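Read through the structure below, which is laid out as structure tokens, and then see the notes.
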Amino acid sequence: MDAATVAPSGLLRLVIVGSVDDGKSTLLGRLLHDCQAVPLDQLESLRQAARQAGEPQVDLALLTDGLRAEREQRITIDVAYRHFATPRRRFILADTPGHEMFTRNMVTGASTADLAVLLIDAARGVQPQTYRHASLAARLGIRQIVAAINKMDQVGWSADLFAAIETELRQYAAGLGVPAFDALPVSALQGDNVVTASAQLAWFTGPTLLHYLETVEPPPVPAQPVRLPVQLVVRPTSDYRGYAGTLEAGSLRPGDCVAVQPLGQQTTVRDLLVAGQPAAEAVAGQAVVVRLHDELDIARGNLLSDPAAPATVTDELDATLVWLDERPLQVGRSYLLKHTTTTVRGRVTVVRHRLDPGTLAQQPAASLQLNDIGLVHLRLLRPICADRYAAQRRTGGFILIDPDTNATAAAGLIEDWPDPAHRAANLTLHSGRVTPDDRARMLGQQPFTLWLTGLSGSGKSTVAYALEDRLVAQGQPCIVLDGDNIRHGLNRDLGFSPADRSENIRRIAEVARLFNEAGLLVITAFISPYLADRAMARQVIGADRFVETWVAAPLEECERRDPKGLYVKARAGQIPEFTGVSAPYEAPVAADLCLNSDQFTVSELVDQAWSHLRARGAFAAPH
């Protein structure tokens, strides 16, 4: 291992990760204690607690285990951040939980780190959670990992054991694509090789942990184009319009040209405010207010970017998810996707694979469980302005939120999106209004109206509700319209004269059209006896959405069934204008689908209807 020979300055963000009881909190406590970065009153309080408990020395882990439950259980639950400095460098350290159930907290701590200290108990060796944390650190964009092999005093300061663990971890890190990996031995309990060198480790010629952290330079991040997500429109006066946000990448100066995404417009920077003061330049990480030369309709969620290297505007993503919710991922369910300063609805349409954290092998998966890592495909209601996470953390990362509980369901890392030709064919640029295509994408289906027509007793309602059960079970939102929910409400003022029958059908068609525009599949079950009325319904709903479905059965079969006793009453003259008896039924001339209910079972009829809808493209094809 080559130690740096120069003393870098500036801030180093690091995260300490590892399995349960590997000694993360003790190591961090030792580091703070030996660097004299612990307030005297806090140290005296711990000394007093140790004396009262009859302990021979202070438990340094308690310096960072701030929650009562952490102190009682002697585990880390929350993420503990500690700031300290040496003459050479400033540090922000995140002590993260090792237990698998708190992986979400580990992801939080690692998401902003430049370097990860991967702690391993030398006596126990590499654990499954060690692999998980190393994999997560690499996927979260950490480009430098140092393995601190802890508790070397418990293995007799064995150089051979240290070398074996280092070799195993170095091979694993290479498989992760981590640019820089180092390892060093320590004993956090007594402080060996943490801040000062140890005589017990005379065979180790590398630096102490502190010297390593003071002098290491993580691999540089390539230069990044401008990315400024607009968080707030600032209007202190009527003639001032500024756009506030954190400059996530690049730098800005007055006169620079910027693209406004997804509006597709360009303008130039008029002036900048940093910390409320005029500035000649703003750099990544600073909160800024930007004024532009042109008056554009810019709002929260828009992105100011480099015109020569803009973000990708897309409503479909391939993303790695770290599943953080106890409720497993439900493919097809609507989640909230929080990306920079915008939140959109989206659905996971397919899980491409799950990652085995130990072997990095890709495994087939239909869902993701708590702490699983997997690659999924997402469809969004509205497009976002995105980068690949490997290129830009801030605009390449997102979280999924369960809309029912508001809990963070997953952390997401954008990997890819469909090719430009696919996006051009499918992407809708928005002017502030949600379109029927937006709703269809959100629901993962193309809406149709399956218009079931036929004699009373032919089986229309039976087939309609059986088909609804099938659709809902498969995650396809739909609704049935029939006499029970239309005649008794919306159309209660209508009778059964030819004119009223026509008006009844017209109103039903209008309702079906609205449901289709909301993205729903609609199944209607009405006799609708006249050819002209069904033609009118096709025109109202749209010929591309209307599926005339004849539920066919001979009159004598319908009379035999007579589920409501209507034919008996009609034959007795108690029901005037009854279709098939005293009023005509005009059978379809060229129905889109014919279901012969006297020849097939209900299940077979549902299969036929399902297959027809699938062939028409009602259900989104999996990616």
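What aspartates and glutamates does LYS569 reach when the alpha-carbon gap must be under 19 Å and sequence neighbours fewer than 8 apart in one chain are set aside?
Output for LYS569: GLU556, GLU557, GLU559, GLU577.
Among ARG89, ARG291, ARG501, rank each residue by its count of other Cβ atoms within 10 Å, from fewest to most, as a rough exposure measure.
Fewest to most other Cβ atoms nearby, the residues stand as ARG291, ARG89, ARG501.
Non-local amide H neighbours of ASP271 (under 5 Å, H modeled in plane, Pro and chain starts lacking H): which ones?
ARG291
Could you list which residues have their amide H under 5 Å from that of HIS339, counting only those 5 or more apart in sequence or on another chain, with H placed in the peptide plane?
VAL344
Could you give the length gained on full extension between SER251 and ARG300, defined as 0.36 nm per residue of separation minus the Cα-Cα distance, in nm?
Additional length available on full extension: 15.6 nm.
Sort region 227-305 into rounded, prolate or oblate with this rule: let a ≥ b ≥ c be the square roots of the eigenvalues of the Cα gyration tensor; rounded if a/c is under 1.5, and if a/c is not under 1.5, prolate when a/b is larger than b/c, oblate otherwise. Don't skip to the end; give the middle numbers.
Numbers: a/c = 1.32, a/b = 1.07, b/c = 1.23.
The shape class here is rounded.
Please give the peptides 543-556, 17-30, 277-290, 389-402 ranked by average Cβ packing (other Cβ atoms within 10 Å per residue), highest first, as a rough proxy for protection. Mind dumping the intermediate values first?
Numbers: 543-556: 18.7, 17-30: 24.6, 277-290: 15.4, 389-402: 20.4.
Answer by packing, highest mean first, reads 17-30, 389-402, 543-556, 277-290.
Tabulate in residue order the Karplus-calculated ³J(HN,Hα) for region 117-122, using 6.51 cos²θ - 1.76 cosθ + 1.60 with θ = phi - 60°, rounded to whole Hz; enter x for Gly and Pro.
Each residue's phi maps through the Karplus curve to give 9, 9, 8, 10, 6, 4 Hz.
Quick one: Karplus J couplings for region 450-455, per residue in order, coefficients 6.51, -1.76, 1.60, θ = phi - 60°, nearest Hz, x for Gly and Pro?
Values, residue by residue: 8, 8, 7, 10, x, 5 Hz.
Give, in nm to one decimal, the length gained when the segment between THR435 and LEU360 is fully stretched (0.36 nm per residue of separation minus the Cα-Cα distance). All intermediate terms of the calculation are to be shown ahead of the outcome.
Numbers: separation 75, 0.36 × 75 = 27.00 nm, distance 4.13 nm.
Value of the extension gain: 22.9 nm.
If the cut-off is 26 Å between C-alpha atoms, which lysines fall inside it for LYS151, apart from same-chain ones fewer than 8 positions away?
List returned: LYS24.
Tell me the mean residue ellipticity at 222 nm calculated for the chain from its helices only (DSSP H runs of n ≥ 4, each -39500 (n - 2.57), averaged over every residue, nearest 500).
Working: 17 runs with 170 residues, N = 623.
That comes out to -8000 deg cm²/dmol.
Using the per-residue mean of other Cβ atoms lying within 10 Å as a proxy for protection, in what order, highest first, do the peptides 592-602, 506-516 fall?
Most protected by this proxy first, the peptides run 506-516, 592-602.
5 Å is the cut-off here: which amide hydrogens, built 1.01 Å from N in the peptide plane, fall below it relative to VAL194, excluding neighbours closer than 5 in sequence?
SER187, LEU209
What nm distance separates the two modelled labels at GLN330 and VAL233, each placed 7 Å from Cα along Cα→Cβ?
Result for the modelled spin labels: 3.6 nm.
Arranged from highest to lowest average of other beta-carbon atoms within 10 Å per residue, in what order do the peptides 488-498, 158-168, 129-139, 337-347 appear?
With the highest mean Cβ count within 10 Å placed first, the list reads 129-139, 337-347, 158-168, 488-498.
Given region 449-615 reduced to its alpha-carbon atoms as identical point scatterers, what log10 I(q)/I(0) does the Debye formula return at q = 0.14, 0.17, 0.20 Å⁻¹?
Listed by q, the Debye log ratios stand at -0.69, -1.05, -1.47.
Taking every DSSP beta bridge with both residues inside the chain, roughly what % is antiparallel (nearest 5)?
Looking only at bridges with both residues in the chain, the antiparallel portion is about 65 percent.
Using +1 at the Cβ of each Lys and Arg and -1 at the Cβ of each Asp and Glu in region 449-615, identify which of HIS488, PRO584, PHE515 lies farthest towards the dipole's positive end.
So the residue we want is HIS488.
Over all directions, how big on average is the projection of the convex hull of the alpha-carbon atoms in region 456-550, in square nanometres?
On the way: hull surface 24.2 nm².
Averaged projected hull area, Cα only: 6.0 nm².
Among all the lysines, which ones have a C-alpha under 24 Å from LYS564's C-alpha, if same-chain residues fewer than 8 places away are not counted?
By straight Cα distance, LYS564 reaches LYS460.
Only the coordinates and a few stated rules stand behind these numbers; no lab work does. Source: prediction; values computed, not measured. A quick note on method: Cβ atoms are made from the backbone with ideal geometry, for glycine too, and the neighbour counts reach across all protein chains shown.
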